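Shown next, in structure tokens, is the structure this report addresses.
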């Protein structure tokens, strides 16, 4: 009884077929997950499309105003940063008080 071992060429063909099958399965998985992702983010995308134009408009107006009065933009940015820091500190304080 002699068992014939597959040649190197046959092993490569088998390996290639296995890899192609694996790649095809990965492609199917990606298509399914992308469909799920689009469904999950649909509401976010719709909201973003709705607020995109007003946001760009406000940004353009702010840019125009900053070109006319550059110091006002710096002052506005400083107040914005201070507001954010104050809000975070207030949130931290409220969390501490709830404990």
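Derivation of every value follows stated rules applied to the coordinates shown; laboratory data play no part. Note that the structure is predicted; figures quoted are calculated from it, not measured. All Cβ positions, glycine included, derive from the backbone under ideal geometry; neighbour counts span all protein chains shown.
Quick check: pseudo-label points 7 Å beyond the Cα along Cα→Cβ at residue 8 and residue 88, how many nm apart are they?
In this crude label model, residue 8 to residue 88 measures out at 6.1 nm.
Compute the projected area of the convex hull of the Cα atoms of the range 18-66, averaged over all viewing directions, and report it in nm² to one decimal place.
If I average the Cα hull's projected area over directions, I get 5.3 nm².
In vacuo Debye scattering of the range 41-99, one point per C-alpha: log10 I(q)/I(0) at q = 0.17, 0.22 Å⁻¹?
For the range 41-99 at q = 0.17, 0.22 Å⁻¹, log10 I(q)/I(0) is -0.82, -0.87.
What's the extension gain from residue 15 to residue 56 if we count 0.36 nm per residue and subtract their Cα-Cα distance?
9.4 nm
Per the helix-only calculation at 222 nm, which mean residue ellipticity applies to the chain, given -39500 (n - 2.57) for every DSSP H run of n ≥ 4 and division by its residues, nearest 500 deg cm²/dmol?
-32500 deg cm²/dmol
What is the angle, in °, between the Cα long axis of helix 8-40 and the longest principal axis of the Cα atoms in the chain? Nearest 10 is fine, range 0 to 90.
Relative to the chain, helix 8-40 is tipped by roughly 30 degrees.
Could you work out how far apart the two model spin labels at residue 77 and residue 33 are, taking each label as a point 7 Å from the Cα in the direction of the beta carbon, and quote it in nm?
Computed distance between label sites residue 77 and residue 33 equals 3.9 nm.
Which whole number of Å³ per residue matches the convex hull of the alpha-carbon atoms in the chain?
Here the figure is 310 Å³ per residue.
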